[in-house]
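Colleague: Questions regarding the structure given below will be posed in turn.
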Amino acid sequence: MPNPNTRCANTFIDALIAAGLKHVCLAPGSRHTPLVLALARHRGEIGLYSHLDERSAAFFALGLALGADEPAAVVCTSGSAAANVFPAIVEARQSRLPLIVLTADRPHELRASGANQTIDQIKLYGDYADYFYDAPLPEADAPAVAMRNLRTLAARAFATAKNQQGVVHINFPFRKPFEPTEDDALEIDRSPPALFSAPPASGSAELAALLTDDLLNRRGIIYFGHGSCRSESERARMRRWAAKLSAVSGYPILAEFTSNMRAANTVGAYECVMTSAALNCAQVEVLIRFGAPPLGKPMQDFLADTELAYHIYCSRAGEWADDSHRVTHHLTVNPASVDAREWDGLGRLTPPTTNWREQWLHADRLARQVVAQAIDKGAYFDGAVLYDVVDLMPARGALFAGNSLPVRHLDQFGQPRGEPVMAYANRGASGIDGNVSTALGIGAARRGKPLVAVLGDITLYHDMNGLLAIKRCDVPLTIVLLNNGGGGIFQRLPIREFEPEFSDYFLTAHSLDFAHAAALYGLKYVRADDRASFRAAFGASLLGKASTVIEVRTDAAVDLRRRNELMAAARQKLNAMIA
């Protein structure tokens, strides 16, 4: 007699793959056996990535979704396994990444019964899941409509994740036995399930309508925050479109590094420029903003303290991202559909000044010159490491910046490049969990392209089990480890003045030797604490085939002083512009 679990799982999985799913992460267990075996039938047709724990699997899937710019799935067994997926779901929901979560569950008679390994999985992830469905218990004599429901469910799951850039959770109850019988030789059904049309291509018609004389006769800026572009194709379209918008409006473009919009004609040193006297930010009346809320404090303070005539936020999927609650116009602009020709025929009629944008660009060039000269001549520090990483990255490479200090150093010291790299970070919830696994998922989605992750010591420690996927899933990786002894980010907070509490409870000091961690996972290890040795080790790792951990040991307090000195020197240079 056929196993109804097998029939149910095969029907759903076949339809999900026919709908377009290409990437799935798995973790071991028992109750999800029907789903795993249904996926195994498609081995070689889709990417199947096996992990030893659910948390790493989920963050790896998140990286796949981010790197491939399409839905990825994670499959796990019941109980606390499903709970371990939650941190990645939080990040996916906050970042608007398409993630499909398939959890196995106990049958209804075992729920709320005290049965071992049984928890309440109904809407386990709450509002972090954009769509939840508790699948029906498989039946031996299920009617045809029940099987059609499974195919439709798969199509809806994929379409929701893709079109809404969100999280979908499908919960599957299974009774024993989980393994197939001899009667379960079912052919793969490759016929497409229900087809869902994509949402209307969202361009910039609404934004164009706002470019009236009233707006264009005011001083403004265009700001691209984290995640504005997630693929090379999005970046190519958005850069042409934004350059034309800048020309039409006369507004400078300010770009965070992980927006993937930083280029020679954009302002990257905006932190220096905005905190200097070179440009009077009080004159800004218009802000056109994209991506996540700002990373840098100067822009955060500007948004919190400034009442603008126009604060136009352009979301990618309808999300709200305005923690200052000052947005005046909320639009949806899909980076994949913008076209520079939309701005033809538009432009300033009576601009208040002819050199507003040029002043910003000139100030940016001066600030970058000061930083480059100071790094060439001064003591090496963690910000200089990020400067060199960006300088040495090969074309088309992927650069993942860990949360805490690395992503901030990347933004402050990462210079624009002629051959751009794709920069990524988990800035949805901004946590340090799962950063290794996310980076590896990005690498798996971008096979054949160099992958570099710059991580702090606590961030690496937090996801060391994710290192197993380097060899298990065959994803080469260069890790640049900035080891400041733990908790360096907290040197920037007022709590640093309170001793001994600061040292005891905030610095998270440790004596970990990461050479042992590298050896445990079969990785090459190099210690490089000065600029010459780092550049040599980093270049050799990019040319070689061995995954490598390059550790740079730094002093967080010294690094903070060095960073502040560079910023002060740049501001002094800019202030001289108006002297």
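No lab work stands behind these numbers, since they all come straight from the coordinates. Given the structure is predicted, the values throughout are model-derived calculations rather than measurements. Here the Cβ positions follow ideal geometry from the backbone for every residue, glycine too, while neighbour counts run over all protein chains shown.
Colleague: Would you mind checking segment 103-118 for residues with the amide N under 14 Å from a putative spin-label position 7 Å along Cα→C-beta of R175?
Modeller: 106-111
Colleague: Using mean Cβ contacts within 10 Å as the protection proxy, how do 388-396, 259-267 order, highest first?
Modeller: The most tightly packed comes first, giving 259-267, 388-396.
Colleague: DSSP loop GluC sites (Glu not before Pro) in segment 118-217 with at most 10 other Cβ atoms within 10 Å of their Cβ, which ones?
Modeller: Listed in order of number, the matching sites are E182, E187.
Colleague: Taking the 0 to 90 degree range and rounding to the nearest ten, how far is the long axis of helix 4-19 tilted relative to the main principal axis of the chain, both from C-alpha atoms?
Modeller: With rounding to tens, the tilt is 30 degrees.
Colleague: By counting other Cβ atoms within 10 Å of each Cβ, how are H32, H311 ranked from fewest to most? All intermediate terms of the calculation are to be shown ahead of the outcome.
Modeller: Numbers: H32 27, H311 21.
Lowest count first: H311, H32.
Colleague: Related question: Ranking D213, D184 by Cβ neighbours within 10 Å, fewest first, what do you get?
Modeller: Ordered from fewest to most neighbouring Cβ atoms within 10 Å, D213, D184 come out as D213, D184.
Colleague: Quick one: divide the alpha-carbon radius of gyration of segment 4-173 by 2.2 N^0.38 Å and tell me what you get.
Modeller: Output field value: 0.94.
Colleague: Any idea how far apart L520 and R148 come out in nm if each label point goes 7 Å out from Cα toward Cβ?
Modeller: Using points 7 Å along Cα→Cβ, the separation is 5.4 nm.
Colleague: Could you compute the FRET efficiency for E206 and D529, with r as their C-beta to C-beta distance and R0 at 45 Å, rounded to 0.05?
Modeller: On the way: r = 52 Å, r/R0 = 1.15.
For R0 = 45 Å, the calculated efficiency reads 0.30.
Colleague: For the modelled label position 7 Å from the Cα of Q300 along Cα-to-Cβ, which residues of segment 485-528 have backbone nitrogen atoms closer than 18 Å?
Modeller: 487-497
Colleague: So for F59, F178, fewest C-beta neighbours within 10 Å to most, what's the order? List each step's numbers first, then the result.
Modeller: On the way: F59 31, F178 21.
Fewest to most other Cβ atoms nearby, the residues stand as F178, F59.
Colleague: Just to be sure I understand, if you calculate semi-axes √(5λ) of the Cα gyration tensor in Å for this structure, which of (i) 68, 30, 23; (ii) 39, 30, 26; (iii) 44, 30, 20 do you get?
Modeller: It is the value labelled (iii).
Colleague: Also, quick follow-up: Given a cut-off of under 8 Å on Cα pairs at least six residues apart, what relative contact order in percent is computed for segment 205-357? Could you put the intermediate results ahead of the total?
Modeller: Numbers: 269 pairs, mean separation 50.2, N = 153.
Over segment 205-357, the number comes to 33 percent.
Colleague: Related question: Sorted by mean Cβ packing within 10 Å, highest first, what order do the peptides 111-119, 278-286, 429-437 take?
Modeller: 429-437, 278-286, 111-119
Colleague: What is segment 205-357 by shape, rounded, prolate or oblate, if you read a ≥ b ≥ c off the alpha carbon gyration tensor as root eigenvalues and call it rounded for a/c under 1.5, prolate for a/b larger than b/c, and oblate otherwise?
Modeller: rounded
Colleague: Ranked from highest to lowest mean number of other Cβ atoms within 10 Å per residue, what is the order of the peptides 518-529, 237-248?
Modeller: In descending order of packing, they fall as 237-248, 518-529.
Colleague: Which FRET efficiency, nearest 0.05, do L346 and Q283 yield, Cβ-Cβ r, R0 35 Å?
Modeller: Numbers: r = 23 Å, r/R0 = 0.65.
That gives a FRET efficiency of 0.95.
Colleague: So, one more: Can you divide the C-alpha Rg of segment 382-553 by 2.2 N^0.38 Å and report the result to two decimal places?
Modeller: Normalised Rg, Cα atoms only: 1.00.
Colleague: Would you kindly derive the ³J(HN,Hα) couplings of segment 428-443 from the backbone phi angles with the Karplus curve 6.51 cos²θ - 1.76 cosθ + 1.60 (θ = phi - 60°), listing them in order in whole Hz, with x for Gly and Pro?
Modeller: Values per residue, Gly and Pro as x: x, 10, 6, x, 8, 7, x, 5, 4, 5, 4, 4, 5, x, 4, x Hz.
Colleague: Give me the distance in nm between label points sitting 7 Å out from Cα along the Cα-to-Cβ direction at A247 and E358, one decimal.
Modeller: For the pair A247/E358, the computed spacing is 1.6 nm.
Colleague: Multiply the residue separation of S503 and A540 by 0.36 nm, subtract the distance between their alpha-carbon atoms, and state the gained length in nm to one decimal.
Modeller: Values: separation 37, 0.36 × 37 = 13.32 nm, distance 3.68 nm.
Difference between extended and current length: 9.6 nm.
Colleague: Please list, in order along segment 221-233, the HN-Hα scalar couplings obtained from phi with the Karplus expression 6.51 cos²θ - 1.76 cosθ + 1.60 (θ = phi - 60°), rounded to whole Hz, x for Gly and Pro.
Modeller: Coupling constants for segment 221-233: 9, 10, 10, 10, x, 3, x, 4, 10, 10, 8, 4, 5 Hz.
Colleague: With labels modelled as points extended 7 Å from the Cα through the Cβ direction, what inter-label distance (nm, one decimal) is found for A568 paired with I188?
Modeller: Between A568 and I188, the simple spin-label model gives 6.4 nm.
Colleague: Report the number of Lys pairs in the chain whose alpha-carbons are under 18 Å apart, with separation of 8 or more residues or on distinct chains.
Modeller: Lysine pairs meeting both conditions in the chain amount to 7.
Colleague: Residue by residue through segment 109-114, what is 3J(HN,Hα) from phi via Karplus (6.51 cos²θ - 1.76 cosθ + 1.60, θ = phi - 60°)? Round to whole Hz and write x for glycine and proline.
Modeller: Each residue's phi maps through the Karplus curve to give 5, 9, 6, 6, 10, x Hz.
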